[in-house]
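Encoded as structure tokens, the structure appears first; notes follow it.
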Amino acid sequence: MKKVAKSLTNILKDEDFLLLQDRKIDPIPVVERLLEDWKFDLFSRKPGPAYTHDGILQFTDLDLACFLSELAERNAVINIPQYETFTPKCHKEGQMVVSSENRHGKVLAVLSNKVTFGFSIRIMDANVISSEDVGDFRVYSILDANGDFYKGWSTIQIIPSAAENEFIIKSNILSNNSIIFKFFVAPGRWTSFYGMPYFLLKRAEVRLEEQKEFYKNEISRLIKKGIRLPPGEKRELPKRTKESGTQVKLDVFESIIDFPESESTFVPCRLHSDELRRLFKDKRKIERKLLPKVRFHTRATELAFSKYGFSNGVELFPSWIKNSSWERDFRFPKGRKKWNRLVLFQPTVGKFGVSLLYRFYQKSITVSEKFAQKQRGRKSIASKPKSIRK
């Protein structure tokens, strides 16, 4: 008999889930509350030492995602001595780069790609200058599209805070004044793929995408009706030109939660400049802050599942799900995509069920020529289980 934790089977009654389902309610406070449960706490970690008791180097089992998140939380200043670009370079009009070496500045965020397992950091790069400013946003890849440590960098230099320094010394994770990371995400994080917090955050991700699109359409509607912001309030972005790149095919991972469709509708905004100002502000917050944070946590969980959630090509299950199995080659009605599906609970009369689905599929992405040269001849994503390869 299938057994699933009550927290999952009762998810459709959860207060946060119901709020996310209601399109009349602003999702931003709900999402901010959910993200509080996903914050890393570096100083509560108990990593193994860098060396065994007899002096053999074993590297730390502390995950780099946790460490980088701590740096981003306090906007730590870092330096990347050498870096090769992963994607084609983008040039902004009116800016120049002082040096391609020692890219340094404050860490603003840890990011993930929406499609691939590429992870990166956004910094305020002080090597970028214009006629009036020093520093601008730049993104540097930490993992490549396959979810492996990106070869375009080898070292990130930091001056740790007092608390970080104490943690590093007490944990004995230093090796010749360096921390050598083996994992980007903790292997045990694969269990989160089956957890209610992940399910709620996936629902929040979909809801934020819907809200962003709604705000975009409302902004266009208000502008067509003659509503404008006062001169100077809307910032004009500099023109960008991107170098040509090379397309490569990769196996990528996608996961969705099959929830009941929401029947609520959005409430149109008032025709007023204050409303237009609010739309721009909230849309920017979703795009630049909330969605990147939500996506970082969902993709990190999915990366852990794809790498560590299998044994001999078969999915592992956490303790709160028993006597269950994955259905292969599932298709939605009129759908073409083939999924691996896990039904958590079946629909009954007047009720809806919830299912977890994932798939590996091939996707073409544009990368720098240097990365393309290294990628040629490489096998598909190493963690893809043999039993589900197509």
### Message
Please pick out the residue among PHE183, PHE199 that is outside the structural domain of ASN10 (by TED's automatic domain parsing) and touching a helix residue (DSSP H, G or I) at 6+ places or on another chain (Cβ under 9 Å).
### Response
PHE183
### Message
Given the options ARG284, ARG278, ARG288, ARG299, name the one that is of a type outside the set (A, V, I, L, M, F, W, C) and more than 24 Å from the chain's Cα centre (by Cα).
### Response
ARG278
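Residue by residue, here is whether (1) closer than 23 Å to GLU84 by Cβ; (2) out of contact with any Asp or Glu (no Cβ under 7 Å at 6 or more places or on another chain); (3) of a type in the set (Val, Ile, Thr) holds:
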| residue | (1), (2), (3) |
| --- | --- |
| ASP133 | no, yes, no |
| ARG138 | yes, no, no |
| GLY147 | yes, yes, no |
| SER154 | yes, yes, no |
| SER171 | no, yes, no |
| TYR194 | no, yes, no |
| GLU209 | no, yes, no |
| GLU218 | no, yes, no |
### Qualifying residues in the range 190-210 (those that are in contact with a strand residue (DSSP E or B) (Cβ under 8 Å, 6 or more places away or on another chain) and among the basic types (Lys, Arg)) - the one surrounded by the fewest Cβ atoms within 10 Å (Cβ to Cβ)
LYS202
### Message
Please list, ordered by residue number, the strands (runs of 3 or more DSSP E) wholly in the range 73-180 having 1 or more residues that are assigned by TED's automatic domain parsing to the domain that holds GLU243 and of a type in the set (Asp, Glu).
### Response
none
### Condition check for VAL248: on the phi < 0 side of the Ramachandran plot, of a type outside the set (Gly, Ala, Ser) and touching a residue at least 12 places away in the same chain (Cβ under 8 Å)
yes
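Rundown of residues vs (1) without any contact (Cβ under 8 Å) to a residue 60 or more places away in the chain; (2) in contact with a strand residue (DSSP E or B) (Cβ under 8 Å, 6 or more places away or on another chain); (3) surrounded by fewer than 18 Cβ atoms within 10 Å (Cβ to Cβ), yes/no style:
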residue	(1), (2), (3)
ILE121	yes, yes, no
MET124	yes, yes, yes
VAL128	yes, yes, no
GLY135	yes, yes, yes
ARG138	yes, yes, no
ASN146	no, yes, no
TYR150	no, yes, no
ILE159	no, yes, yes
#### Entry: Residue under evaluation ASN176, criteria (1) on the phi > 0 side of the Ramachandran plot; (2) at pLDDT below 90; (3) surrounded by 15 or more Cβ atoms within 10 Å (Cβ to Cβ), criterion not met
(3)
### Query
Within the range 248-255, is there a residue that is under 23 Å from the mean Cα position of the chain (by Cα), modelled with pLDDT of 95 or more and assigned to a helix (DSSP H, G or I)?
no
### Task
Could you please find all residues in the range 334-369 being modelled with pLDDT under 85, hydroxyl-bearing (Ser, Thr, Tyr) and surrounded by 17 or more Cβ atoms within 10 Å (Cβ to Cβ)?
SER368
### Message
Take the conditions of a type in the set (Asp, Glu), in contact (Cβ under 8 Å) with a residue 24 or more places away in the chain, surrounded by fewer than 16 Cβ atoms within 10 Å (Cβ to Cβ) and part of a helix (DSSP H, G or I) and apply them to GLU287. Does it pass?
### Response
yes
### Message
I'm told GLY94 meets every condition in (1) touching a residue at least 60 places away in the same chain (Cβ under 8 Å); (2) crowded, with 19+ Cβ neighbours inside 10 Å except one. Can you identify the failing condition by its number?
### Response
(2)
### Query
Yes or no: VAL107 closer than 30 Å to ASP133 by Cα and free of Cβ contacts under 8 Å to residues at least 40 places away in the same chain?
yes
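The values are calculated or read from the model by the stated rules, or taken from the named source; none is laboratory data. Keep in mind the model is a prediction, meaning the values are calculated, not measured. Because the Cβ atoms are built from the backbone with ideal geometry, glycine has one as well, and the counts that use them run over all protein chains shown.
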